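S.K.: Next up is a structure, given as structure tokens.
The values are calculated or read from the model by the stated rules, or taken from the named source; none is laboratory data. Just so we're clear, the structure is a prediction, and the values are computed from it rather than from any experiment. In this analysis, Cβ positions are derived from the backbone assuming ideal geometry, glycine residues included, and neighbour counts consider all displayed protein chains.
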Amino acid sequence: MNAADFAVLSPLLIMSATAVLAMLAIAIQRNHLVVAAMTLIGIGASLLSLTFAASAIPRQLTSLLIFDSYSVIYMALILCAAAFVVLFSYDYLKRRHEHREEFYLLILLATTGAMVLVVSRHFISLFLGLELLSVSLYALISYIRSKTVSIEAGIKYLVLAASSSSVLLFGLALIYAETGSMDLSQFATTLNHTATFPAIAGLMLVLTGVGFKLAVVPFHLWTPDVYEGAPLPVTAFIATVSKGGMFALILRWFHLHDGALSGTPGVVLSIIAIASMLTGNLLALSQSSVKRILAYSSIAHMGYALVALLAGGELGAPAATYYLAAYFATILGAFGVMTVLSGSHHEATSIDDYRGLFWRRPYIAAAFTAMLLSLAGIPLTAGFLGKFYVIAAGASQSQWVLLFTLVVSSTIGLFYYLRILAAMYAKAIDTAPARPILPLPATLALAVLTGLVFLLGLYPTPLWNAIVSATRNLG
């Protein structure tokens, strides 16, 4: 290895080193503030090191990892999301009687696993990254041991994630047996021209494993229960870092510059996208828990992102990436509001917890309003431009069925977002705030995310140009 190799590896090396240092610090002396600060510094250093990595790309390390501008964009998104999760976690854990320090160690390891997925070019690196991410999530989901529902959610995720990983591994074995290669490059093109039964069966099994991680229909059944049982910062982490790493991987696999994805992968993913958009929005209508509403909403949002992936062409990958960036900022902000409003023994997850919020905490209510409007795709927000780019990508490749489903399902989604908004601005009987003092780190993070939601909705040019440049040579 030479200096350029170390430069491109530096984000992963820094995250791994931070995890080791955090573990040693915990062993020497438990200190919540110190470990949280170490975690933030490590994530910040890894983010900063992307500038050095960018000077040495594109570069392939062995046959396992590929570092290019696309990798840099997605690693930056994942690291930023992880940093916000840490900020929201500090006060949340401070109010609970648990061992707090190991939480940050798990966050570091899970984030590293998601980053490995982003740079994977081989079946082996894919599986290692996926398992590093998944095993960390098992513990994170059930981290609050005093809550039965948290333990239950962790067990459910453990059983289903282990099963999906086994299915994914068997699918990869079938594809290797048929193609004789474990290289992920030109994956979709190879499968389009290899319509044999083992290849198609392998693809179906791989999509089952990938679909579970993305929580798309019909692999979505774990989502509402895990979202509801997991601690709020962990739910935000699953919705962003976990799904972002896997989506970056399949976008690199399946994106085609010369047109829409066709053949068996195109048909299967189209069915999944349509089912996810409709099912997610329809099931969210009957929910009274904000966590479960956002869980079903996330299923629909992954369906929207798949529309851009399926469209391909010049706009497909940039549209999907911009949509994910907008979704990251929005959903982190939504869960951030819920975290700020939660007490030491109670999470603000029911719609009734937000009744009259505007009259008690107008600034927090305004931030939550911005997040809900962005999730609904209302103009002037990041969510609106995200959907605009997805629709533009779909229209450029005449994906009219997918676009019709997107418009109809988005209209359905307005109803459950409006239910939360109506509750927030309704007059409350008791207007006394439950927690007069808001946590500073989480409040600052929430302010930044609110600004990002409007910035990405009003001035998308810098990020859009960077994404277009990064995805130009995707493959």
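S.K.: Restricting the search to segment 46-62, which residues are surrounded by fewer than 16 Cβ atoms within 10 Å (Cβ to Cβ) and in a loop (DSSP other than H, G, I, E, B)?
M.R.: Within segment 46-62, Ser55, Pro58, Thr62 meet the criteria.
S.K.: Hey, among Ala395, Ala376, which residue is free of Cβ contacts under 8 Å to residues at least 60 places away in the same chain, within 28 Å of Ser262 (Cα to Cα) and aliphatic (A, V, I, L, M)?
M.R.: Criteria check complete, one pass: Ala395.
S.K.: Under 8 Å between Cβ atoms, at least 6 apart or on separate chains: pull out the pairs that start in segment 1-25 with a residue that is β-branched (Val, Ile, Thr) and end on any residue that is surrounded by fewer than 20 Cβ atoms within 10 Å (Cβ to Cβ).
M.R.: Pairs that qualify, where the first residue is β-branched (Val, Ile, Thr) and the partner is surrounded by fewer than 20 Cβ atoms within 10 Å (Cβ to Cβ), are Val8/Ala56; Val8/Ile57; Val8/Arg59; Val8/Leu61; Ile14/Ala45; Thr18/Ile41; Thr18/Ala45.
S.K.: Sticking with this one: Looking at Val20, is it assigned to a helix (DSSP H, G or I) and touching an Asp or Glu at 6+ places or on another chain (Cβ under 8 Å)? If you could, list the steps in order and put the result at the bottom.
M.R.: Values: assigned to a helix (DSSP H, G or I): yes; touching an Asp or Glu at 6+ places or on another chain (Cβ under 8 Å): no.
No; evaluated as a whole, the condition is false for this residue.
S.K.: Of everything in segment 78-97, what is under 15 Å from Ile467 (Cβ atoms) and surrounded by fewer than 24 Cβ atoms within 10 Å (Cβ to Cβ)? Give them in sequence order. Let's see the steps before the verdict.
M.R.: Going residue by residue through segment 78-97, those that are under 15 Å from Ile467 (Cβ atoms) are 78, 80.
Residue satisfying the conditions is Cys80 alone.
S.K.: Any chance you could count how many residues in segment 140-151 are within 18 Å of the chain's Cα centre (by Cα) and surrounded by fewer than 23 Cβ atoms within 10 Å (Cβ to Cβ)?
M.R.: Total meeting the criteria: 0.
S.K.: Let me ask another. Can you pull out the residues in segment 275-289 that are touching a helix residue (DSSP H, G or I) at 6+ places or on another chain (Cβ under 6 Å) and part of a helix (DSSP H, G or I)?
M.R.: Ser276, Met277, Leu278, Gly280, Asn281, Leu283, Ala284
S.K.: Exactly one of these conditions fails for Trp400: (1) surrounded by 24 or more Cβ atoms within 10 Å (Cβ to Cβ); (2) at pLDDT 90 or above; (3) aromatic (Phe, Trp, Tyr). Give me its number.
M.R.: Status for Trp400: all satisfied but (1).
S.K.: Let me ask something additional. Restrict the check to segment 128-136 and report whether at least one residue is of a type outside the set (Asp, Glu), surrounded by fewer than 22 Cβ atoms within 10 Å (Cβ to Cβ) and more than 23 Å from Asp5 (Cα to Cα).
M.R.: To start, the set of residues in segment 128-136 that are of a type outside the set (Asp, Glu) comprises 128-130, 132-136.
Add one more test, that the residue is surrounded by fewer than 22 Cβ atoms within 10 Å (Cβ to Cβ), and what stays is 128, 132, 134-135.
Subset that is more than 23 Å from Asp5 (Cα to Cα): 134-135.
Checking segment 128-136: at least one residue is of a type outside the set (Asp, Glu), surrounded by fewer than 22 Cβ atoms within 10 Å (Cβ to Cβ) and more than 23 Å from Asp5 (Cα to Cα).
S.K.: Let me ask something else about it. Return yes when Asp91 is among the acidic types (Asp, Glu) and more than 30 Å from Ser142 (Cα to Cα) and no when it is not.
M.R.: no
S.K.: Are there any pairs, at least 6 apart or on different chains, whose C-beta atoms fall under 6 Å, with the first in segment 164-175 and farther than 15 Å from Pro198 by Cβ and the second at pLDDT 90 or above and among the aromatic types (Phe, Trp, Tyr), and if so, which?
M.R.: Going by the 6 Å Cβ cut-off, the qualifying pairs are Ser164/Phe212.
S.K.: Given the condition touching a residue at least 12 places away in the same chain (Cβ under 8 Å), surrounded by fewer than 20 Cβ atoms within 10 Å (Cβ to Cβ) and not acidic (Asp, Glu), answer yes or no: does some residue in segment 209-219 qualify?
M.R.: yes
S.K.: Only one of Ile250, Ile238, Ile272 is assigned to a helix (DSSP H, G or I), of a type in the set (Val, Ile, Thr) and over 20 Å from Leu77 (Cα atoms); which?
M.R.: Numbers: Ile250 fails: over 20 Å from Leu77 (Cα atoms); Ile238 fails: over 20 Å from Leu77 (Cα atoms).
That would be Ile272, the only listed residue that is assigned to a helix (DSSP H, G or I), of a type in the set (Val, Ile, Thr) and over 20 Å from Leu77 (Cα atoms).
S.K.: Of all residues in segment 339-376, how many are under 18 Å from the mean Cα position of the chain (by Cα) and buried (at least 23 other Cβ atoms within 10 Å of the Cβ)? Even if it seems obvious, please write down each step before you answer.
M.R.: Going residue by residue through segment 339-376, those that are under 18 Å from the mean Cα position of the chain (by Cα) are 339, 371-372, 374-376.
Still in the running and buried (at least 23 other Cβ atoms within 10 Å of the Cβ): 339, 371-372, 374-375.
Count: 5.
S.K.: Is there any pair linking a residue in segment 275-287 that is farther than 16 Å from Ser350 by Cβ to one that is of a type in the set (Val, Ile, Thr) and surrounded by fewer than 19 Cβ atoms within 10 Å (Cβ to Cβ), with Cβ under 6 Å and at least six apart or on different chains, and which?
M.R.: Taking only residues 6 or more apart or on different chains, the pairs are Asn281/Ile412.
S.K.: Say whether the condition of being in a helix (DSSP H, G or I) and at pLDDT below 90 is met by at least one residue in segment 444-465.
M.R.: No, there is no match, as no residue in segment 444-465 is in a helix (DSSP H, G or I) and at pLDDT below 90.
S.K.: What are the residues in segment 212-256 that are over 20 Å from Ala317 (Cβ atoms) and among the small types (Gly, Ala, Ser), if any?
M.R.: Ala215, Gly229, Ala230, Ala236, Ala239, Ser242
S.K.: I've got another one for you. Do we find that Ser136 is of a type outside the set (Asp, Glu), free of Cβ contacts under 8 Å to residues at least 60 places away in the same chain and more than 26 Å from His345 (Cα to Cα) in this structure? Outline the logic, then answer.
M.R.: Numbers: of a type outside the set (Asp, Glu): yes; free of Cβ contacts under 8 Å to residues at least 60 places away in the same chain: yes; more than 26 Å from His345 (Cα to Cα): no.
So Ser136 does not fit the description; no.
S.K.: Looking for whichever is over 20 Å from the mean Cα position of the chain (by Cα) and in a helix (DSSP H, G or I) here; the options are Gly336, Gly394. Which one fits?
M.R.: Matching residue, one of Gly336, Gly394: Gly394.
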